[in-house]
Every structure is written in C-alpha cells, then in structure tokens.
C-alpha cells in the first residue's frame, strides 16, 4: 500500500535515516520535511516544532526516535495520530552497562583510587559490603527492567519502584505512592529511569533524596526535570549524599556556569547514556508501521493522557 | 578431631581472621605463627617466607588466601602438604564488575567524555558498534568464566581461550596453543585471567598483543609478570593499542618512577580488582579443611606440577 512518510528530526543527519527508511519500506515515499511539504501519512520525529504538526493535521502516526516523549507531548498533536516511541532498539543494553559502571565505580571507590593514582599514591580502602549497598531503580519499563536485572547479576540487592506491580527475578518490588517512602528508605543508590510526566517532574528533591540511606548516591539517566538541582547540591554539601552521576539536565547542553560541571562529587556525561542506534531504530519503526497499516496493535504505543 | 592451624599472612590484620577461624572451627586450635611455634596440621597463608615452611615440615595442608599460587609454588613446600587455593570466595563477582566497567568505559568512550567535561566541553562521539568490539578472555577458571559470561550479558562478542576446552554459553571457545593466534586475531579487547606459570609468564608481549585487532585494549587483572611492560608501551606509542587497564604489576607497589603511573592511555589500580573477603574466605577454608579431614576431595586443589 502506498504511503508517505515525512522525517523531521533536529540534530540528526537526515541522509542515512532517509536511505535506511527507504530501504526498509520500499513501498513508501520517504521525504525530509520542509515547510509547505505535501501531507504525509506518518512522521518520524525528534524534537519537532509546533509548526510541523500545525502543517500536518492529517498524520495517522508519529514515531518518536527516542524512548522519552515528554517534549513531544507538550505540543498540540494531530487529532487522529497515534504516538509510538522507541522501545529498547539497542538502548536497554547501553543503559544497563552505563548504570552498572556508575554503580560499580562508586561501590568499588574507583574514582577515589583514580584520584590517588593521579597523586602518585598506592592506597587501599576497605571493601564495602555488597549487602549494605542496595540499589533502587525508579521505573521498570523496558530500560529500567534491564538495568535492574543487570545490577542483580552483580549481586547487589535491588529494589524496584513502579506505578503498577512488576515481577522481576532478583528485584524487590515497591508499588505506587504508598510504597515510595519505604522504597527510598531501603536504597542507598537511586537510579532514575522514570518517564517525565507532571507527576514525576521534580521527583528527585530534598525530601525524597533525604530519605535514602546515608552516603546515598544518585544516578539520573531519565530527564533533567526530574531533579531539583539545588536540592542535590545541598544534600551533597551536607554529606547525606556521597555523590551523583548525571547524564541529563534541565537545559542541554548544560550551561557553562552551572555548578554541576566542576563539582567534585558529581560525574556528568552529555546525554549519552543510551544513544539511538539508527539501524535498529529503523528496523523497529518499519516493523511497527507495517503492523499499524495492517490494523494490528504495536508495543510502545504512548498513552497521551498518562504521559508515556 | 583435634587439630592445630597456624596463620601466616603478610599485610593482613590477623585478629579478625583468627577469631573467624576459631568460630568456624571450634574443634581446632588456631594460632598466629611465630618463629619456633609448635608443629601445626594445617596452615592458612599469604606470601609466607621459606623459613615458615622449613620450620613446619609436618604440614598436611596449606590454604592460600587468594586465587593465585604462583608466589607460593616458588618455595620448597612440606612434602606431604596439599595446596588449596581460594576459589571465588566473593572474588568472581568483583572481577566481573571490575572488568565490565573497564570494558564499558573504553567501549563507550567514557574516559574521553570525562576529559571533555574537565575542559568544559559538551561533545558527542559516534557510538562504536558492539559487534565490532569482541572481547577475548584468557583463562576460563572460576574467575574467567564469570567475567566472560558477564561480558556476554552486555551483548559483547566474547572469545574464551583456555588450556582445555570449556563450554560456556555465549562464549566462542579457543583451545590451547594451536588456536591462540586465532583467538588473538579475533579479539579487540584482551582480558588476562590466566594463572602465572612458567608457560604463561610474559605471555602479553609485542608478538601476542600485536595480533589483536587494531585499536586493541588490554586489561590485566592476573599477575604483573604476564605482561612485558616495554612491549605494551611500544604498542601504545605506535597506536596499535588504544589503551590498557592494569591492576597488577611486576613490582607492587608500582615503583614511583614507573611510566604506567602517568601514561595518558593507561588506567591503573593498586591490585584491588578482586579483594579477598574475610568472612566468605573463612567459611570456604573451614568447609574444605573439614572435607580434607574426612578424606574427601575438595575443589581448588592445586596441581603443583601444572602450577595452578
């Protein structure tokens, strides 16, 4: 069946995506969007402007080339369009390895050893007790579940917090608002993989991070707006938190004057914890698009009201 | 049955070991060794001097509180003593997490990102292809097998090289001298977990490391004498190797003037990749000692001729 796909992704080199989508969907006409383009059936997007949707009210489906749709859902979307987000597409293993290395570096004092080596010092620190280093994972979707199970394979006690109950081998489940404080009080490391919604915005704040076990450590790989920056800094200064690894920020790139750049207890990376892998993503989009065309249901369909 | 155990471990605080061994083996008399001590049945040792064994020729068993027995086997040992090394005892998971974080930091360019952050730069690098990043693990004992399987869980292609064939899920097997060059030529990262024997001494040298795929990376967590230091430096200078993570050295502590301390492509840690965990080790020693007393076979028995 003939269909038209428009591609509108900022900060993304379009040519290899267009070539890949054309190869995967030979029956489709795939074009790079430009103002005034003719109407398309489907859109493949990353951070489009409102103007894009205003000019394409007929869209039947929108494919977001990322796992988080928080920015997309702030726009007025075409009334009949379903929104589909990438699931996994090579991101889950990246997230698992990124988070595991961050947890291991803190658990094994590898930043401290690196500082000693820079100072020419050969020093030992007593090993931490693994049983005394429970890791709490917030959000148990495709990415969070993979992260939780990778941590469990390294024999860390793992707590998982989710809106609805999820049974994962090796992960102690905490569900909903009622068990949130218990979850926090049972965790020394907090890994955030929640979707960003009005309910989860600012969820990493003075009250919640203050409930972590002493010497807590925060790993934010979801969205910058989950974290109240000043609250993290205050809890690091007070010593309640030992450190943080942050991959996402309220403003990206992180502004040059922001204190996170040079804070001795904070490790930052430039939103690189799980990169969209083009080939895998194109294959996933093509598969889901053809399923939608056949009238079948697809995974990764966004519940716009819920926000993810 | 009454028995006497002598404890002779350098660089080890003896009191908690003595208390732990006494609690685990209440039928035994456990004493800290001193010159002229009365004869014991079993010894628990780490890096003892020749004098120790010369004064204890009656020993029936020697428990080494580490996985490597290369230093021990250089001594003249009591003629009837079996040598038992620690197996795992909490070391395998430590080795797996240490090696995985080293591999992930190289695969994900995290050292480069850290340098950019120190320079105040928000930069992206194209993701490497996982299929193009095969990791070769040398030595598939308890530690090597755990490391290989942890890497496989992160979806790296994993090659395993061992003296005798080992079947491990997700690990491509290479066996013996005949397949050593194929193993090297199929690996971009090389992880050394071999026992140190006359056959494996200097095994990481210009010829072997030169056979790795270009941009190779070396992780040595076994013994410093496996590696020819100058050969590593030459291959880093030539650009054939991209870097190395080293936890073990020919002389430890690493001498202050050694070039490894400040080499920009080398990450070092002070022999801390897998620490002996006292409680787990005591439980393992107690269990094996009682099995030996009952005349049963135990795992971790060292073949003195083979060297491990």
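The numbers here are math on the coordinates, done by the rules we state, and not lab data. None of the values given here were measured: they were computed from a predicted structure. Positions of Cβ are backbone-derived with ideal geometry, glycine not excepted, and every protein chain shown enters the neighbour counts.
If the label for residue B:181 sits 7 angstrom from Cα along the Cα-to-Cβ line, what are its distances to the same label in every other copy, in nm to one decimal, shortest first?
In ascending order, 6.9 nm.
Would you tell me the mean number of C-beta atoms belonging to other protein chains that fall within 10 Å of each C-beta in B:263-270, as a whole number?
Partner-chain Cβ atoms within 10 Å, mean over residues of B:263-270: 3.
For helix A:91-107, what angle does its Cα long axis make with the longest principal axis of chain A, in degrees from 0 to 90 and rounded to 10?
10 degrees
Could you list A:164, B:280 so that the one with the fewest beta carbons within 10 Å of its beta carbon is first and the one with the most is last?
By the 10 Å Cβ count, ascending, the order reads A:164, B:280.
Take A:163, A:294 and order them by how many other Cβ atoms sit within 10 Å, fewest up front.
Fewest-to-most Cβ neighbours within 10 Å comes out as A:294, A:163.
Mean-square fluctuation check for chain B, GNM, Cα pairs under 10 Å: which of B:160, B:239, B:295 is largest?
Checking each option, the largest mean-square fluctuation is seen for B:295.
List the distances, in nm and shortest first, from the label point of residue B:27 to the matching label points in every other copy, placing each point 7 Å from Cα along the Cα-to-Cβ direction.
The answer, with the shortest distance listed first, is 7.7 nm.
Using a Gaussian network model of chain B whose springs link C-alpha atoms within less than 10 Å, name the residue from B:232, B:77, B:140 with the highest mean-square fluctuation.
In the Gaussian network model the winner is B:77.
Among B:86, B:236, B:110, whose mean-square fluctuation peaks in a Gaussian network model of chain B (Cα, cutoff 10 Å)?
Between B:86, B:236, B:110, it is B:110 that shows the largest mean-square fluctuation.
In 5 Å bins starting at 0, how do the alpha-carbon pair distances of the stretch A:29-134 split up by percent?
Once binned at 5 Å, the Cα pair distances of the stretch A:29-134 give 2, 10, 15, 14, 9, 7, 7, 7, 7, 7, 7, 5, 2, 0.
Between 0 and 90 degrees, rounded to the nearest ten: what's the tilt of helix A:14-24 against the longest Cα principal axis of chain A?
70 degrees
Helix B:142-153 versus the longest principal axis of chain B: what angle, 0 to 90°, nearest 10, using Cα atoms?
30 degrees
Rounded to whole angstrom, how close does the nearest chain B beta-carbon get to the axis mapping B onto A, and which residue is it?
Output: B:101, 2.
Just want the ordering: B:80, B:146, from fewest to most Cβ atoms lying within 10 Å of their own Cβ.
B:80, B:146
If I model a spin label at residue A:47 and residue B:291 as a point 7 Å from the Cα along the Cα→Cβ vector, what separation in nanometres do I get?
5.8 nm
For every helix of n ≥ 4 consecutive DSSP H residues, a contribution of -39,500 (n - 2.57) applies; sum these over chain A, divide by its total residues, and give [θ] at 222 nm rounded to the nearest 500 deg cm²/dmol.
Estimated from H runs of four or more residues: -8500 deg cm²/dmol.
Using a label position 7 Å from Cα in the Cα→Cβ direction, what is the ascending list of nm distances from residue A:49 to the same site in the other copies?
8.0
Once the Cβ-Cβ distance between residue B:19 and residue A:112 is put in as r, and R0 is 30 Å, what FRET efficiency do you end up with, to the nearest 0.05?
For residue B:19 and residue A:112, the calculated efficiency is 0.55.
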